[in-house]
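Asks: Structure provided below as structure tokens; questions to follow.
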Amino acid sequence: MTGASIRLDSVQFSYGSTQMSFNLSVESSDIVAVMGPSGSGKSTLLNLVAGFERPASGSVMIAGRDVSALPPAQRPVSMVFQENNLFAHLTVAQNVGLGRSPSLRLDAADHSDIDRALERTGLAGKQARLPAQLSGGERQRVALARVLVRSQPVLLLDEPFASLGPALRREMLELVRALHAEHGMTVLMVTHHPDDAHALAHRIAFIEEGRVSACADTATMFSENAPESFKAYIGN
Amino acid sequence: MIDRRILAGSIGLAAVALLIGGAFAGLAAEAFHDFGRTLGAIDAYLLRVVRFTVWQAALSTALSVIPALFVARALARHPSFPGRGLILKLFALPLALPAIVAALGILALLGRAGLVSDLMTTLTGSRWQGIYGLSGILIAHVFFNLPLATRLFLQALDTVPSDQWRLGAQLGMGQRASFRFIEWPVLRTALPGVAGLVFMLCITSFTIVLTLGGGPRATTLEVAIYQALRFDFDPARAVTLTVLQIALTAAIVFMLIRLGANMAGDANLSVSPRRPVASGPVERVFSAILIVSALLFVAGPMAAIIVSGLQADLVRLASDPAVHAATLTSLVLALGAAVLSIALSLSLVMARRTLELHRHRNAAPSLLEQLFDTGAGFVLVIPPIVLGAGWFVLMRNTGLVFVVAPLMVVTVNAVMAMPFAIRAIRPAYDAASARHERLAASLGISGINRLRLIDWPVLRRPLFMAMAFAMALSLGDLGVIALFGSDSVQTLPYLLLARMGSYRTADAAGLALFLGIICLLLMTFVDRTGNRT
């Protein structure tokens, strides 16, 4: 898998009384942290890219192709949520296998891919476990293993590590960074933690009141030259 | 010194125990008095009645629950189906409708002279005989329970996290995959509880079987108890039937508790969850057909009640002294039952909370506290007709059977409504107590002052809600009055049954419309009040 560019061109969307309008351009294989206050529209931005929400107007382009009208399954995108990434009644291997076939019709090659993905995410030997038998961190690893077998060029992370402790979170960020180094997918990651952005992101997109108010490389955003509102948001 | 609240609760509990105990005493005395005849009542006919009771309940459950799975799924997959909110509201109505009114609606639609009888005659090619017997019972039970089961399943589907629907959409799950991985697991979890609840409702169904069942071939235990007492005057047989009925319901309640079923049967549904699902045109058409069929099935009898009720000579009915008397009797008895019900419930709630306050934080609740807590729940096991039958047998030699009729209706209906009343009152009382208990104690506010100044403002709403529910339940109940009713004490359902029995169908239809409207108004009030708290 390699990356794909993402482009949002004056994407209009209304959520309750909030009018949102997004413009954003992300290069192929980039890692962008999406930051901003609660309710500013970070998750909506990801949902628009994934296809869970449809824009009222404007276009969402992935790899130069307009995907605005495509249903989620036909977009070259994988997404990891903060929780509920796994079906509680399916084993780890089945949960990962769903990424290959949504009806779980898997052949030998699929099974070996699944085993490899689980091994890569540190879950070797846990194929037959049920999600309830895993820790929070392990459950998110399963979700990442599924991302690997799907091998889509765009990865969307919606605060996937927010409910993990600091050490585990660093570990998971490290894993995402390693997976990115191997596969080069484009990553959009919603986070509240400046540390996450520091550790992983090349660029930071700052969202305020339904708009991308700033987008610059991480170093700039954490320097004196950052926009005032962003400095106020991270509390420096 | 014993706390007055505990005293009140103990009196309440004793009253409930007296009602249940008296019924059992009557049954036991009769059984011992004539043990041979009681045993002798177990004959081929009785076994046939037991078999039919279980068989009709099993069929009704299957016919209600299996279609409900698919209707609920269709409604879940199409959150913006036109009129979805209205359909869900309509699906809550059958539960609020007295069984006798529903039975009349079904007869008005599908009976021998029903609204569609000409159509059915043309379709089948022979004179339409109307639905009676097993088919009538099944249609009535499905009318009540299909919408109930649909709402409960939909509630289960609402618990699926939206992330999982989104995940399913992203992974490209089709119809079968999303059913298998997303919908079926939650439906399967809800299935035993819902099926158990429906089975329970069908096995204790009295009015439907009485009005739609046809003769000895379609009789259930409850109706056989009624016939043994009112027509054959055979108390020994009634006792045997009653014991069988209690054993049957106790076994089912035990199973339900093991399954952790929600005995309340109320569902809070989100009107329009955002739920991206892949749905092709075939699925959309199929779902629409499914939803519309269920809608017609539920709306048909209700429309028939209105149409046939309006065809009745309402002016003459309105000036009929028997109707006036029955309306007055019904309202007085229902009000009595409602007041008694909330008084008993409130006394148990207060006593339970008081005991909870007095014990050490981690100590286990005492037996008395547990009784205050769940004591009223036992009435769920004992159908009202059984309570009535016990007292009927006990009183039959005193010559007072028809004199105590009003008292029996009031007390039995009051106790029947208690589980609901307690559920409405207890959270409000406990919350208020948690906030005010110490303050009230430090200011020395207790007794009637406390009730008036501190508890009344928070309890007013749940109390009215419980009262309206108990009134609706009592107004529509035919179980106890069928046993104890007479020409001198008639309620609206009893009068309705009498008019049906004497083939004054138009009168019955007019009364059904009247009774249905009163009960629906009361239940709407309950619903509104419940949603605001």
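Asks: Using Cα positions and a limit of under 12 Å, work out the aspartates and glutamates in reach of A:Lys126, with same-chain residues fewer than 8 apart set aside.
Replies: Leaving aside aspartates and glutamates fewer than 8 places away in the same chain, those within reach of A:Lys126 are A:Asp115, A:Glu138.
Asks: So what is the diffusion coefficient of region A:86-151 in µm² per second by Stokes-Einstein at 37 °C and 0.692 mPa s, using a Kirkwood Rh over Cα pairs?
Replies: 292
Asks: If you rank B:His358, B:His141 by fewest surrounding Cβ atoms within 10 Å, what's the result?
Replies: B:His358, B:His141
Asks: Where a Cα-Cα gap under 30 Å defines reach, which lysines qualify for A:Lys42, not counting those fewer than 8 residues away within the same chain?
Replies: A:Lys231
Asks: A:Met20's amide H: which non-local residues (gap 5+, or another chain) put their own amide H closer than 5 Å, with H modeled 1.01 Å from N in plane and none for Pro or chain starts?
Replies: Those qualifying (amide H under 5 Å, at least 5 residues apart or on another chain) are A:Phe13, A:Ser14, A:Tyr15.
Asks: From the helices alone, meaning DSSP H stretches of at least four residues, give me the mean residue ellipticity at 222 nm for the protein assembly as shown, per-run term -39500 (n - 2.57), in deg cm²/dmol to the nearest 500.
Replies: Mean residue ellipticity at 222 nm (helix-derived): -20500 deg cm²/dmol.
Asks: I would also like to ask the following. Cα extents of chain B along the three principal axes, largest first, in whole Å?
Replies: Here the Cα extents, ordered largest to smallest, are 73, 57, 50 Å.
Asks: Which of the helices in chain B, when you take each full DSSP H run, stretch at least 20 Å along the axis at their Cα atoms and have an average Kyte-Doolittle score of -1.0 or higher?
Replies: Passing helices, by number: B:4-33, B:44-77, B:133-158, B:184-203, B:235-259, B:281-311, B:321-358, B:405-443, B:456-476, B:505-532.
Asks: Further, regarding this structure: Quick one: Cα centre-to-centre distance for region A:89-148 and region B:467-513, in angstrom?
Replies: Answer, in whole Å: 62.
Asks: Whose amide H sits under 5 Å from the amide H of A:Gly122, counting only residues 5 or more places off or on another chain, with H placed in the peptide plane?
Replies: Distant-sequence amide H within range of A:Gly122: zero hits.
Asks: Average projected area of the Cα convex hull of region B:79-231, in nm²?
Replies: 12.5
Asks: Right, next: What number comes out for the charge environment of B:Gln490, summing +1 per Lys or Arg and -1 per Asp or Glu over other residues with Cβ under 15 Å away?
Replies: Computed value for this residue: -1.
Asks: Using alpha carbon coordinates only, what is the Rg to Rh ratio of chain A, with Rh defined as the Kirkwood radius?
Replies: 0.97
Asks: In whole angstrom, how far apart do the alpha carbon centroids of region B:383-434 and region B:168-202 sit?
Replies: The distance from the Cα centre of region B:383-434 to that of region B:168-202 comes to 37 Å.
Asks: Hey, could you get me the Stokes-Einstein D for region B:62-120, Kirkwood radius over alpha-carbon pairs, 4 °C and 1.567 mPa s, rounded to whole µm² s⁻¹?
Replies: Translational diffusion coefficient: 94 µm²/s.
Asks: In the calculated pair distance distribution of region B:149-221, what percentage of Cα-Cα distances lie above 22 Å?
Replies: 46
Asks: Normalized C-alpha radius of gyration of the protein assembly as shown, against 2.2 N^0.38 Å?
Replies: 1.17
Asks: Fewest to most neighbouring Cβ within 10 Å: what's the order for B:Met471, B:Met173?
Replies: Final ranking by Cβ density, sparse to dense: B:Met173, B:Met471.
Asks: Over region A:99-236, what is the relative contact order in percent, taking alpha-carbon pairs closer than 8 angstrom and at least six residues apart?
Replies: After rounding, I find 17 percent.
Asks: Give me, ordered by chain and number, the residues 5 or more places off A:Glu208 or on other chains with an amide H under 5 Å from its own placed amide H.
Replies: A:Ser213
Asks: Ok, one more. Determine the sum of side-chain charges near B:Ala99: Lys and Arg each +1, Asp and Glu each -1, restricted to other residues whose C-beta is under 15 angstrom from that of B:Ala99.
Replies: Taking every other residue near B:Ala99 into account, the sum is -2.
Asks: Now a separate question. Name the helices (complete DSSP H segments) of chain A with a Cα length along the long axis of 24 Å or more and a Kyte-Doolittle mean of at least -0.5, or state none.
Replies: Span-like helices here: A:166-183.
Asks: Based on C-alpha coordinates, I'd like the Rg and Dmax of region B:1-159, in Å.
Replies: So, for region B:1-159, Rg and Dmax equal 23.2, 79 Å respectively.
Asks: Related question: Based on the Cβ-Cβ distance of B:Leu7 and A:Ser59, what FRET efficiency does E = 1/(1 + (r/R0)^6) give at R0 = 56 Å, to the nearest 0.05?
Replies: The formula returns an efficiency of 0.15 here.
Asks: Taking the number of other C-beta atoms within 10 Å as the exposure measure, put B:Leu197, B:Leu13 in order starting with the fewest.
Replies: So the ranking, lowest neighbour count to highest, is B:Leu13, B:Leu197.
Asks: I've got another one for you. Let me check against my output: what whole-number percent is the relative contact order of region B:37-307, with C-alpha pairs under 8 Å and at least 6 apart?
Replies: Contact order relative to length: 34 percent.
Asks: How much net charge surrounds B:Pro365 when only the other residues with a Cβ under 11 Å from the Cβ of B:Pro365 are counted, with Lys and Arg +1 and Asp and Glu -1?
Replies: Taking every Cβ under 11 Å from that of B:Pro365, the sum is -1.
Asks: Here's another thing I want to ask about it. Considering the alpha-carbon set of region B:1-59 alone, what are its Rg and its Dmax in angstrom?
Replies: Cα-based Rg and Dmax for region B:1-59 come out at 19.4, 59 Å.
Asks: Which whole-number percentage describes the relative contact order of chain B, with Cα contacts under 8 Å and a sequence gap of 6 or more?
Replies: Computed value for chain B: 25 percent relative contact order.
Asks: Taking square-rooted eigenvalues a ≥ b ≥ c of the alpha carbon gyration tensor, is region B:37-307 rounded, prolate or oblate, where a/c under 1.5 means rounded and, failing that, a/b exceeding b/c means prolate?
Replies: Since a/c reaches 1.5 but b/c is at least a/b, the shape of region B:37-307 is classed as oblate.
Every number in this text was worked out from the coordinates using simple rules, so none of it is lab data. Only a predicted model underlies this, so the values are computations on that prediction, with no experimental measurement involved. Cβ sites come from the backbone with ideal geometry, for glycine too, and all protein chains shown count toward neighbours.
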